[in-house]
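The values are calculated or read from the model by the stated rules, or taken from the named source; none is laboratory data. Keep in mind that this is a model prediction, so the values were computed, not measured. Reconstructed Cβ throughout: ideal geometry from the backbone, glycine too, with neighbour counts over all protein chains shown. These area figures cover heavy atoms from the full protein model, side chains too; ligands, DNA and RNA do not enter into them. Shrake-Rupley method; radii C 1.70, N 1.55, O 1.52, S 1.80 Å.
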Amino acid sequence: MTFAQDIQVRDTNLYPVAVIDSVSSDAIYLSTNSTTIGGQYYSPILLNIPSLKESIDIEKRNYKISNISLSISNYEHDGVRFSETVGDKSLVNKSVEIYWISPSVTSLDDAELIYRGWIL
């Protein structure tokens, strides 16, 4: 079963995962659920499911995507806080990708990319 087939059923089990600075060896993997995808563990410290709003101005031919806010828990998980994971490096201007994951997803290639942007 694929992601497209998973979303066609009556009851879906979708949840988000976020990857911060995916091009770096110091990438940070977050989710609302404790999960492993493609051999990579995603910490369940993402507190909310991000919402995305899109709009199109037909007269001016503008396409607009709203900002996304991620709430991340700083409580200890596996003996480490998020702030300790980040350390003294800045996350400003780092890339962030957010995907929807379904039960049949085994890698991010199978997931649905819903947002790609930068941390401000």
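Based on this model, can you work out whether ILE56 counts as assigned to a loop (DSSP other than H, G, I, E, B), of a type in the set (Val, Ile, Thr) and at pLDDT below 85? Show your work before the answer.
Numbers: assigned to a loop (DSSP other than H, G, I, E, B): no; of a type in the set (Val, Ile, Thr): yes; at pLDDT below 85: yes.
Judged against the criteria, ILE56 is not a match.
Residues are listed down the side, and each one gets a yes or a no for (1) among the charged types (D, E, K, R); (2) under 13 Å from the mean Cα position of the chain (by Cα); (3) modelled with pLDDT of 90 or more; (4) assigned to a loop (DSSP other than H, G, I, E, B):
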residue	(1), (2), (3), (4)
ASN13	no, no, no, yes
ILE49	no, yes, no, yes
ASP88	yes, no, no, yes
GLU97	yes, yes, yes, no
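Kindly establish whether ASN93 is over 14 Å from the mean Cα position of the chain (by Cα) and modelled with pLDDT of 90 or more. Criteria met by ASN93.
Restricting attention to segment 43-61, the residues that are more than 29 Å from SER83 (Cα to Cα) and either touching a Phe, Trp or Tyr at 6+ places or on another chain (Cβ under 9 Å) or open to solvent by less than 80 Å² (accessible area, probe 1.4 Å) (or both) add up to 4.
Screening ILE58, ILE101 for residues that are closer than 26 Å to VAL9 by Cα and not aromatic (Phe, Trp, Tyr) leaves exactly one candidate, ILE101.
Scanning segment 31-47 for residues that are within 16 Å of HIS77 (Cα to Cα) and either assigned to a loop (DSSP other than H, G, I, E, B) or in contact with a Pro (Cβ under 8 Å, 6 or more places away or on another chain) (or both) returns SER31, THR32, ASN33, SER34, THR35, PRO44, ILE45, LEU46, LEU47. When you look at SER69, is it of a type in the set (S, T, N, Q) and in contact with a strand residue (DSSP E or B) (Cβ under 6 Å, 6 or more places away or on another chain), yes or no? No: the conditions fail for SER69.
Would you mind stating whether SER90 is more than 19 Å from ARG116 (Cβ to Cβ), exposed (fewer than 10 other Cβ atoms within 10 Å of the Cβ) and free of Cβ contacts under 8 Å to residues at least 12 places away in the same chain? Spelling it out, SER90 is indeed more than 19 Å from ARG116 (Cβ to Cβ), exposed (fewer than 10 other Cβ atoms within 10 Å of the Cβ) and free of Cβ contacts under 8 Å to residues at least 12 places away in the same chain. Among the residues making up segment 16-42, those that are open to solvent by less than 30 Å² (accessible area, probe 1.4 Å) and at negative phi are PRO16, VAL17, ALA18, VAL19, ILE20, ALA27, ILE28, LEU30, SER31, THR35, ILE37, TYR42. Residues in segment 62-82 that are closer than 22 Å to LEU120 by Cα, part of a loop (DSSP other than H, G, I, E, B) and either open to solvent by 60 Å² or more (accessible area, probe 1.4 Å) or among the small types (Gly, Ala, Ser) (or both): 7 in all. Close Cβ contacts (under 6 Å, 6 or more residues apart or on different chains) running from residues in segment 94-117 that are of a type in the set (Ser, Thr, Tyr) and surrounded by 15 or more Cβ atoms within 10 Å (Cβ to Cβ) to residues that are outside any loop (DSSP other than H, G, I, E, B) and at pLDDT below 85 comprise SER102/PHE3; SER102/ASP6.
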